There are 2 protein chains.
Amino acid sequence: MKIGILGAGQLGRMLALAGYPLAMRFVFVDPAEDACAASLGETLQAPYLDETALQAFCERCDVATFEFENVPAHTAEFVAARRPLHPPPQALATAQDRLNEKKLFDDLGIPVPRYLPVATRQALDMAVRITGLPAVLKTRRMGYDGKGQAVLRKPDDLDAAWAALGAQPLILEAFVPFEREISCLAVRGRGGELAFYPVVENRHRDGILRLSTPQLADPLQAQAEDYARRVIEKLDYVGVLAFEFFVAEGQLFANEIAPRVHNSGHWSIEGAVCSQFENHLRAVAGLPLGSTAARGHSAMVNFIGSAPDTAALAAIEGVHVHLYDKAAKPKRKVGHATVTAESGEALAERVARLSALADAAEI
Amino acid sequence: MKIGILGAGQLGRMLALAGYPLAMRFVFVDPAEDACAASLGETLQAPYLDETALQAFCERCDVATFEFENVPAHTAEFVAARRPLHPPPQALATAQDRLNEKKLFDDLGIPVPRYLPVATRQALDMAVRITGLPAVLKTRRMGYDGKGQAVLRKPDDLDAAWAALGAQPLILEAFVPFEREISCLAVRGRGGELAFYPVVENRHRDGILRLSTPQLADPLQAQAEDYARRVIEKLDYVGVLAFEFFVAEGQLFANEIAPRVHNSGHWSIEGAVCSQFENHLRAVAGLPLGSTAARGHSAMVNFIGSAPDTAALAAIEGVHVHLYDKAAKPKRKVGHATVTAESGEALAERVARLSALADAAEI
């Protein structure tokens, strides 16, 4: 079976690596010259709106998916008209707009931080009166890794935030004084079967994910699964969906969804029986889902900007290195490592060593 | 780092899949038109003795290895003169000739079944008088998967065996009434560090490996490691070496070595902390070795001739499917699956289901 993937970044790369053992082949579309999945399949280098390239892409694949949630709506519709496309375009449309996303959560009875759309400078003043400070001003579209947002701590911050972001449609969200951030990765097969990975605790710095640790018995597992199920069923979703939550006073508040495999699920390559990448492909291809159960203790550390020396990483027991073969660049995700261990203590010690290497290598 | 691999079959394919996460890239040489690793790297389709292709291969890689132990000696020497080649050519030369191999075992004090070189029909009669019957007549070179050998059970069998094999240099081996067959996979790094996987119990049918089960506490582990260490040190070996043994009356008898990653180590992709494929690449690339420890219970079942339906395989919990994307053909290894489980009982139940599917699919 040939799988078409819109986007050929590291998520496409890891999907392909998971798919070869299933005798899958791959075709990618990506506008980048140096897309890091390109060596793992046929790659059409073209803008996402290039219909000639999209037509060729559709002719070459049996089923299509995406690894990038900002695929233009027109692209998704063009492909979906010609090939089965999973997840469905409505999941993209929802996830691409923070306001639509929040409204969906509201409609489904999933708690969200207070939010208001902001279209004018005056509306921002009014919105802040409702949310209070601190609050977070975000672009409705195209934000990721902390880009396209500004934290408003005091009234003086509003002008600068508006100057930086005000040219685009915005949303103001009340700041949630969270105890922790968790994500729930769910996968749904074409026949409707559903599976959930253990929820993952995520640590960010400078808006970028640094450390993900699957929680083997989190008290919020069932609640997170219930919320993810509501979204998945509403969107008639197929594939892996990531749902990020804030935890405040022991309760979940929806942050955002990503309609794709997700950085907070990379631990599953070695840490779960069947990885998020393989399960996404199984779902998209109509195969039975694999077990989402954890295999012992694990955690994932991201490499931001540049990766530590491979030999230094390989010297830590239980470390599994995943480099994306991308040029070093500040704030860019260039790789990650998952560490597995037999005990929580061994895990903590290895994660500390791994994080120290990652921090020292960052540029 | 770019790794050159002589041979682009399933072992090359699985090496490449293990190497991409380490940001390795690959170039292959293989005479086959439809080599199954070809989509995972640049592939030079050429005979192994084509010096123009070998020169191009050397120019494209930083370090070279092979996935096929019948690489001609001249090819290995040509490459080794231009690039670091691991394992060393003397390991190939030894493993390619059953007589040299047996002599090495003898020299190193490793027990071997009684053996004699056989050059004439008359010599065969004399050899049989020494080994007794049953005995196994084998070609000294190019045998694999039961090819190039004949079991002699009664005096009448000698003529037919000689007619089939006598045109080539032969070796007669006493038949070992073995209780089981095991293999020991060892890996040695460029700096001389050594690691051993748990020994694996192997079941063959029609001369072809069917089932491999790593033994988590085999009483012969230390003895097997000692013998493998002797060979590895004698050959100044770098990379993964597989050593196959017969077990008779609780003692090890050397059968043969393979100077490469080996079918009886495929379980290690999911069943060990660091797979044989990654460890071979780490060794060849001069990286620290990864842990060879098992991760719980696992076993591997080969798919011979043709593979079962992927959906049926994927429906068994803990099954990890590895298809080689090769056309179906009797006796051809077209894929395998590794099954992992939390207990020996769950493993046995899953292996039984998996083996039944494999048997039903065989052509």
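The values are calculated or read from the model by the stated rules, or taken from the named source; none is laboratory data. Note that the coordinates shown come from a computational prediction; the quantities given were computed from them, not determined experimentally. Neighbour counts are summed over all protein chains in view; Cβ atoms, including those assigned to glycine, are modelled from backbone coordinates with ideal geometry.
When the residues of the range A:1-24 are filtered to those that are over 17 Å from residue A:60 (Cβ atoms) and hydrophobic (A, V, I, L, M, F, W, C), which remaining residue is surrounded by the most Cβ atoms within 10 Å (Cβ to Cβ)?
A:14
Can you give me the number of residues within the range B:327-362 that are surrounded by fewer than 17 Cβ atoms within 10 Å (Cβ to Cβ), assigned to a helix (DSSP H, G or I) and within 21 Å of the chain's Cα centre (by Cα)?
0
Listed here are the residues, each with its yes/no results for (1) at pLDDT 95 or above; (2) aliphatic (A, V, I, L, M).
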{"position": "B:309", "(1), (2)": "yes, no"}
{"position": "B:320", "(1), (2)": "yes, no"}
{"position": "B:323", "(1), (2)": "yes, yes"}
{"position": "B:328", "(1), (2)": "yes, yes"}
{"position": "B:332", "(1), (2)": "yes, no"}
{"position": "B:337", "(1), (2)": "yes, yes"}
{"position": "B:348", "(1), (2)": "yes, yes"}
{"position": "B:359", "(1), (2)": "yes, no"}
{"position": "B:363", "(1), (2)": "no, yes"}
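Residue by residue, here is whether (1) in a strand (DSSP E or B); (2) over 27 Å from residue A:249 (Cα atoms); (3) in contact with a Cys (Cβ under 7 Å, 6 or more places away or on another chain) holds:
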position: A:82; (1), (2), (3): no, yes, yes
position: A:93; (1), (2), (3): no, yes, no
position: A:117; (1), (2), (3): yes, no, no
position: A:127; (1), (2), (3): no, no, no
position: A:137; (1), (2), (3): yes, no, no
position: A:142; (1), (2), (3): no, yes, no
position: A:151; (1), (2), (3): yes, no, no
position: A:158; (1), (2), (3): no, yes, no
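Collect the residues in the range A:194-229 that are more than 15 Å from the chain's Cα centre (by Cα) and on the phi > 0 side of the Ramachandran plot, keeping them in residue-number order.
Listed by number, the list holds a single entry, A:206.
If residue A:121 satisfies every condition in (1) touching a Gly at 6+ places or on another chain (Cβ under 7 Å); (2) at positive phi but one, which is the exception?
Status for residue A:121: all satisfied but (2).
Failed condition for residue A:201, given (1) farther than 19 Å from residue A:101 by Cβ; (2) surrounded by 19 or more Cβ atoms within 10 Å (Cβ to Cβ), with all others met?
(2)
Whether any residue in the range A:73-89 is within 14 Å of another protein chain (Cβ to nearest Cβ) and closer than 25 Å to residue B:310 by Cα is what I want to check. Please lay out each step first, then the result.
Residues of the range A:73-89 within 14 Å of another protein chain (Cβ to nearest Cβ): none.
Within the range A:73-89, none of the residues are within 14 Å of another protein chain (Cβ to nearest Cβ) and closer than 25 Å to residue B:310 by Cα.
Only one residue in A:65, A:75 is in a helix (DSSP H, G or I) and within 30 Å of residue A:28 (Cα to Cα), so which one is that?
After applying the criteria, what remains is A:75.
Is the range A:317-326 home to any residue that is over 28 Å from residue A:35 (Cβ atoms) and surrounded by fewer than 20 Cβ atoms within 10 Å (Cβ to Cβ)?
yes
Across the range A:323-352, what is the total count of residues that are of a type in the set (Val, Ile, Thr) and either over 24 Å from residue A:9 (Cα atoms) or at the interface with chain B (Cβ under 8 Å from one of its Cβ atoms) (or both)?
Looking only at that region, the number is 2.
Name every residue in the range B:27-41 that is over 21 Å from the mean Cα position of the chain (by Cα) and more than 13 Å from every other protein chain (Cβ to nearest Cβ), in order of residue number.
B:33, B:34, listed by residue number.
Output the number of residues of the range A:212-228 satisfying the condition of being surrounded by 20 or more Cβ atoms within 10 Å (Cβ to Cβ) and closer than 19 Å to residue A:347 by Cα.
Filtering the range A:212-228 for residues surrounded by 20 or more Cβ atoms within 10 Å (Cβ to Cβ) gives A:212-214, A:224, A:227-228.
From what's left, closer than 19 Å to residue A:347 by Cα: A:212-214.
Result for the range A:212-228: 3.
Between A:44, A:15, A:54, which is over 15 Å from residue A:326 (Cβ atoms), part of a strand (DSSP E or B) and in contact with a strand residue (DSSP E or B) (Cβ under 9 Å, 6 or more places away or on another chain)?
A:44
At least 3 residues that are away from chain A (no Cβ under 13 Å) and free of Cβ contacts under 8 Å to residues at least 24 places away in the same chain in each: list the helices (runs of 4 or more DSSP H) lying fully within the range B:208-322 that qualify.
Qualifying helices (runs of 4 or more DSSP H): B:221-234.
What is the number of the single condition among (1) within 25 Å of residue A:142 (Cα to Cα); (2) crowded, with 18+ Cβ neighbours inside 10 Å that residue A:72 does not meet?
Evaluating residue A:72 over (1) within 25 Å of residue A:142 (Cα to Cα); (2) crowded, with 18+ Cβ neighbours inside 10 Å leaves (2) as the failure.
How many residues are surrounded by fewer than 24 Cβ atoms within 10 Å (Cβ to Cβ) and free of Cβ contacts under 8 Å to residues at least 40 places away in the same chain when one looks only at the range B:25-38?
7
Suppose we filter B:201, B:278 for residues that are at pLDDT 95 or above and touching a Lys or Arg at 6+ places or on another chain (Cβ under 8 Å); which single one remains? Don't jump to the end; show me each part of the working.
Working: B:278 fails: touching a Lys or Arg at 6+ places or on another chain (Cβ under 8 Å).
Answer to the check: B:201.
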